[in-house]
Amino acid sequence: METDSVSRLEEAADRFVIPLRMNEGFNEQALLQLREEIDRCGTAWREETHVPKRAALILAELHPTIEACAWLYEGDMRQRIQEAGLTVSEAVTAALD
């Protein structure tokens with residue numbers, strides 16, 4: 001079900017990004033779940049000719065949103081969040097390739 005996979009992707013993105021945005025810290029488990037959902041969607045869409053519009057919007061906004069959240073933090077935490085953003089960006093690229 002296309003709607004289910006997009007909903008799971010959105011929920012995983014929210015579980016990772018919202019705490020970052022609220023300055024509540026970095027959740028490694030939520031990051032892993034987000035990457036798993038991106039990978040799962042990529043596998044599901046491998047043979048498709050299009051990506052659902054809502055999913056495309058979520059995926060397009062992930063890296064810039066994570067990067068913006070990084071600036072709420074300092075030092076090693078900022079670096080860790082920026083690296084997570086790059087990891088997510090790479091996962092998105094792989095899923096859509």
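Assorted remarks:
- Residue-averaged [θ]222 nm for the chain, counting only DSSP H segments that reach four residues, each worth -39500 (n - 2.57): -27500 deg cm²/dmol
- Surface analysis of segment 1-96 yields an accessible area of 61 Å² per residue, using protein heavy atoms and a 1.4 Å probe.
- Cα centre as origin, Lys/Arg/Asp/Glu Cβ charges: the chain dipole, Debye: 140
- 0 to 90° range, to nearest 10: angle between helix 2-21 axis and the chain longest Cα axis: 10
- Computed from phi, the 3J(HN,Hα) profile of segment 33-41 under the Karplus parametrisation 6.51, -1.76, 1.60 (θ = phi - 60°) reads 5, 5, 4, 4, 5, 4, 4, 4, 5 Hz, with x in place of Gly and Pro.
- 12 Å beta-carbon shell around ARG80, net charge (K/R +1, D/E -1): -3
- Residue among GLY85, GLY75, GLY25 with the largest mean-square fluctuation in a Gaussian network model of the chain, springs linking Cα atoms under 10 Å: GLY75
- Two-decimal ratio, the chain, of alpha-carbon radius of gyration to 2.2 N^0.38 Å: 1.05
- Net charge, GLU11 excluded, C-beta distance under 11 Å - Lys, Arg +1, Asp, Glu -1: -2
- Angle in degrees between helix 75-96 and the longest Cα principal axis of the chain, rounded to the nearest 10: 10
- DSSP-assigned coil residues among trypsin sites (Lys or Arg not before Pro) in segment 37-97, each with at most 14 further Cβ atoms within 10 Å: ARG46
The values are calculated or read from the model by the stated rules, or taken from the named source; none is laboratory data. Note that this is a predicted model, so its numbers are computed, not measured. Every residue, glycine among them, receives a Cβ derived from its backbone with ideal geometry; neighbour counts consider all protein chains shown. Keep in mind that these areas ignore ligands, DNA and RNA; they rest on the heavy atoms of the full protein, side chains included. Shrake-Rupley method; radii C 1.70, N 1.55, O 1.52, S 1.80 Å.
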